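S.K.: This is the structure, below, for whatever I ask next.
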Amino acid sequence: MRALGRGHSVVAWDPDPAAEKRLREFIGRAWPSATRLGLFPGADPENITFAPSAAELAGTVDWIQENAPEREALKRDLINELAGAAPPDTVIASSSSGLLPSRLQQGCRHPERVVIGHPFNPVYLLPLVEVVAGEQTSQETVDAAVAHYDDLVMHPLVVDTEIEGYLSDRLQEAVWREILHLVKDGVATTAQLDDAITYGPGLRWAGMGTNLTFHLAGGEQGMRHMLQQFGPALELPWTKLVAPELTDDLVDAMADGCLEQADGRSIADLEALRDDYVINVMRALRPLDLGAGRLVAEREARIHSASAVDPWRSGEPVAAPLDLYRAPVEPDWVDYNGHMSEWAFLTAFGWASDKLFRYLGIDETYRGSGHSFFTVETHLNNLSEASLGDSLRITTQVLGFDEKRLHIFHSMRNDETGELLATTEQMLLHVDNAAGRTAPILAGPATALHSVAAAHSDLPVPSQVGRVMALG
């Protein structure tokens, strides 16, 4: 799912004859969630083929992600089979949850290319992937793994020390063992324990993790004061980190409690619910540039970069109007009526403006030089409704510009019906950020604007331009 959403081709193999059907069905269920997170150009849920054997797969791909069950001998045998058929420089990453990579490398051809690449479910949404090297893993393989997972817009966390369980699972295991004790001792139900996380520390962990959260708990003196104040409590018998015996009664209590929480909902229903809240939590963190929210913003930027229009070049014809941005109505763009919210119209028009800027040559390099356009006035006209899943097409007309100002007009239409949905008229000022004042548009974008304005000079002025709001 991660690779398909990135626009890559995938080859899969599984010894179970029913695996292909199951996988394709799962991709169908999960694709809407991946779409909400954001798809790169070329992303296609059908861009997956099945190989008849592990060896044939290994000979046709440039990256191998091994996902066999968590049994060391099974994984080692499969890795050895893959290594025997793959080119020497093909990385083999194991998604083991805690096995030592040095043991998985034993007997392998070119063991230096074997590494742990441990992601977290749902992998197509959660960005964390632990990268763990074995004794024979080369630095080049680690670097390649980091680059590969970064390409999938994940967060590759390199574990410096080879240790069972790695980092995240060891932390999860500590909480899990305490949960089992609390249920076994009749202290709390599964629902109460989940509430203890989801309504409190879970929300904090999503953005800052444990250490930075406790650092803040120490006030102005940070973690040092926090440890001075609360450190003595570590000597109190608050937790039991030795796992209890999984008796029938404990298993029943855990299973019954979770079924009660599910309240009749199927696994598929709960998967969809989980996907919804994970996306919403990550997007909620996006404006704050925290945790996974930072990667949501980076994913959006990379998607727009990957699908960016080519900048105008001297002598090229200019479309009148420009047709630079298309997008579906996203689930979080709609309100309780199922219609696109006003802020979402502005968001879509904002992305259309970004496409225009890139067409004019105003990109990261240009902004890095300290220059940019600031919007000083916007007139938004809503003419019809847009609903979830509608395809939007935004065209852009340059109404005029001078040394420091740019006057533009966007029209949003339903891309399938052609119905005009909304328009916006904007005035922008060109600013020198370092000086904190308006400044002349630099030569490259100014030249492009001359060509665009000339091509658009014969277009009729839209009726919405210059309107003011009044009664009677």
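The values are calculated or read from the model by the stated rules, or taken from the named source; none is laboratory data. All values derive from a computational prediction rather than experimental measurement. FYI the Cβ positions are ideal-geometry reconstructions off the backbone, even for glycines, and counts take in every protein chain you see.
S.K.: Among the numbered conditions (1) within 30 Å of Asp335 (Cα to Cα); (2) surrounded by 15 or more Cβ atoms within 10 Å (Cβ to Cβ); (3) touching a Gly at 6+ places or on another chain (Cβ under 7 Å), tell me where Leu392 comes up short.
M.R.: Every listed condition holds for Leu392 apart from (3).
S.K.: Give all pairs with beta carbons closer than 7 Å in which a residue from region 34-46 that is among the acidic types (Asp, Glu) meets a residue that is part of a helix (DSSP H, G or I); count only pairs at least 6 apart in sequence or on separate chains.
M.R.: Sorted first by the residue in region 34-46, then by its partner, the pairs are Asp44/Leu4.
S.K.: Continuing with the same structure: List the number of the failed condition for Thr239; all other conditions in (1) more than 30 Å from the chain's Cα centre (by Cα); (2) surrounded by 12 or more Cβ atoms within 10 Å (Cβ to Cβ); (3) assigned to a helix (DSSP H, G or I) hold.
M.R.: (3)
S.K.: Those residues that are within 20 Å of Ala268 (Cβ to Cβ) and either of a type in the set (Gly, Ala, Ser) or not assigned by TED's automatic domain parsing to the domain that holds Tyr124 (or both), I need them from region 6-56; list them, please.
M.R.: Scanning region 6-56 gives Ala18, Ala19, Gly28, Ala30, Ser33, Ala34.
S.K.: Of the residues that sit in region 264-276 and are loosely packed, with under 11 Cβ neighbours inside 10 Å and not aliphatic (A, V, I, L, M), which one is farthest from Leu39 (Cα to Cα)?
M.R.: Gly264
Quick grid of which residues meet (1) surrounded by 14 or more Cβ atoms within 10 Å (Cβ to Cβ); (2) in contact (Cβ under 8 Å) with a residue 60 or more places away in the chain:
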residue	(1), (2)
Leu259	no, no
Ala262	no, no
Arg299	yes, yes
Ser305	no, no
Asp310	no, no
Ser314	no, yes
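S.K.: Give the residue, chosen from Arg299, Arg294, Arg326, that is of a type in the set (Lys, Arg) and touching a strand residue (DSSP E or B) at 6+ places or on another chain (Cβ under 6 Å).
M.R.: Every option except Arg326 fails the conditions.
S.K.: Looking at region 118-132, can you tell me whether even one residue there is assigned by TED's automatic domain parsing to the domain that holds Ala93, charged (D, E, K, R), in a helix (DSSP H, G or I) and more than 19 Å from Arg302 (Cβ to Cβ)?
M.R.: no
S.K.: Look at Asp151 and say whether it is exposed (fewer than 13 other Cβ atoms within 10 Å of the Cβ) and either more than 27 Å from Arg302 (Cα to Cα) or assigned by TED's automatic domain parsing to the domain that holds Arg109 (or both).
M.R.: Spelling it out, it is not the case that Asp151 is exposed (fewer than 13 other Cβ atoms within 10 Å of the Cβ) and either more than 27 Å from Arg302 (Cα to Cα) or assigned by TED's automatic domain parsing to the domain that holds Arg109 (or both).
S.K.: So which of Pro321, Pro331, Pro311 ends up being within 23 Å of the chain's Cα centre (by Cα) and either polar (S, T, N, Q) or on the phi < 0 side of the Ramachandran plot (or both)?
M.R.: Pro331
S.K.: Scan region 378-414 residue by residue and report those that are among the aliphatic types (A, V, I, L, M) and part of a loop (DSSP other than H, G, I, E, B).
M.R.: Leu383, Ala386, Leu388
S.K.: So Thr239 fits all but one of (1) of a type in the set (Ser, Thr, Tyr); (2) over 30 Å from Leu295 (Cβ atoms); (3) out of contact with any helix residue (DSSP H, G or I) (no Cβ under 8 Å at 6 or more places or on another chain); what number is the exception?
M.R.: (3)
S.K.: Pull up region 288-313, narrow it to residues that are touching a Leu at 6+ places or on another chain (Cβ under 8 Å) and not in a helix (DSSP H, G or I), then point me to the one that is nearest to Gly350 (Cα to Cα).
M.R.: For region 288-313, the residue satisfying everything is Val309.
S.K.: Sort out which residues of region 39-59 are surrounded by 12 or more Cβ atoms within 10 Å (Cβ to Cβ) and in a loop (DSSP other than H, G, I, E, B), and write them in order of number.
M.R.: Within region 39-59, Leu39, Phe40, Gly42, Ala43, Asp44, Pro45, Asn47, Ala51, Ser53, Gly59 meet the criteria.
S.K.: Residue check, Gly370 against (1) within 29 Å of the chain's Cα centre (by Cα); (2) under 17 Å from Ala344 (Cα atoms); (3) not charged (D, E, K, R), all met but one. Which one?
M.R.: Tallying (1) within 29 Å of the chain's Cα centre (by Cα); (2) under 17 Å from Ala344 (Cα atoms); (3) not charged (D, E, K, R), Gly370 fails exactly one: (2).
S.K.: Please verify whether region 175-184 includes one or more residues that are over 25 Å from the mean Cα position of the chain (by Cα), surrounded by 20 or more Cβ atoms within 10 Å (Cβ to Cβ) and outside any helix (DSSP H, G or I).
M.R.: no
S.K.: Further, regarding this structure: How many residues does region 395-434 contain that are among the small types (Gly, Ala, Ser) and either touching a Phe, Trp or Tyr at 6+ places or on another chain (Cβ under 6 Å) or not assigned by TED's automatic domain parsing to the domain that holds Ser451 (or both)?
M.R.: 1
S.K.: Take the residues in region 277-296 that are surrounded by fewer than 16 Cβ atoms within 10 Å (Cβ to Cβ) and of a type in the set (A, V, I, L, M); name whichever of them is nearest to Val129 (Cα to Cα).
M.R.: Across region 277-296, the extreme among qualifying residues is Leu290.
S.K.: For Asp275, are the conditions met, namely being assigned to a helix (DSSP H, G or I), charged (D, E, K, R), farther than 30 Å from Asp185 by Cβ and more than 17 Å from the chain's Cα centre (by Cα)?
M.R.: Against the criterion (assigned to a helix (DSSP H, G or I), charged (D, E, K, R), farther than 30 Å from Asp185 by Cβ and more than 17 Å from the chain's Cα centre (by Cα)), Asp275 does not qualify.
S.K.: Let me ask another. Any chance region 135-144 includes a residue that's buried (at least 16 other Cβ atoms within 10 Å of the Cβ), free of Cβ contacts under 8 Å to residues at least 40 places away in the same chain, touching a strand residue (DSSP E or B) at 6+ places or on another chain (Cβ under 7 Å) and among the hydrophobic types (A, V, I, L, M, F, W, C)?
M.R.: So far as region 135-144 goes, yes, one or more of its residues are buried (at least 16 other Cβ atoms within 10 Å of the Cβ), free of Cβ contacts under 8 Å to residues at least 40 places away in the same chain, touching a strand residue (DSSP E or B) at 6+ places or on another chain (Cβ under 7 Å) and among the hydrophobic types (A, V, I, L, M, F, W, C).
S.K.: All but one of (1) hydrophobic (A, V, I, L, M, F, W, C); (2) part of a strand (DSSP E or B); (3) touching a Phe, Trp or Tyr at 6+ places or on another chain (Cβ under 9 Å) hold for Val115; state the number of the condition that does not hold.
M.R.: (3)
S.K.: Within the group Arg76, Arg103, Arg36, which residue is among the charged types (D, E, K, R), under 30 Å from Glu300 (Cβ atoms) and part of a helix (DSSP H, G or I)?
M.R.: The unique qualifying residue is Arg36.
S.K.: Given the condition touching a Phe, Trp or Tyr at 6+ places or on another chain (Cβ under 8 Å), among the aromatic types (Phe, Trp, Tyr) and modelled with pLDDT under 95, answer yes or no: does some residue in region 322-338 qualify?
M.R.: Yes, because at least one residue in region 322-338 is touching a Phe, Trp or Tyr at 6+ places or on another chain (Cβ under 8 Å), among the aromatic types (Phe, Trp, Tyr) and modelled with pLDDT under 95.
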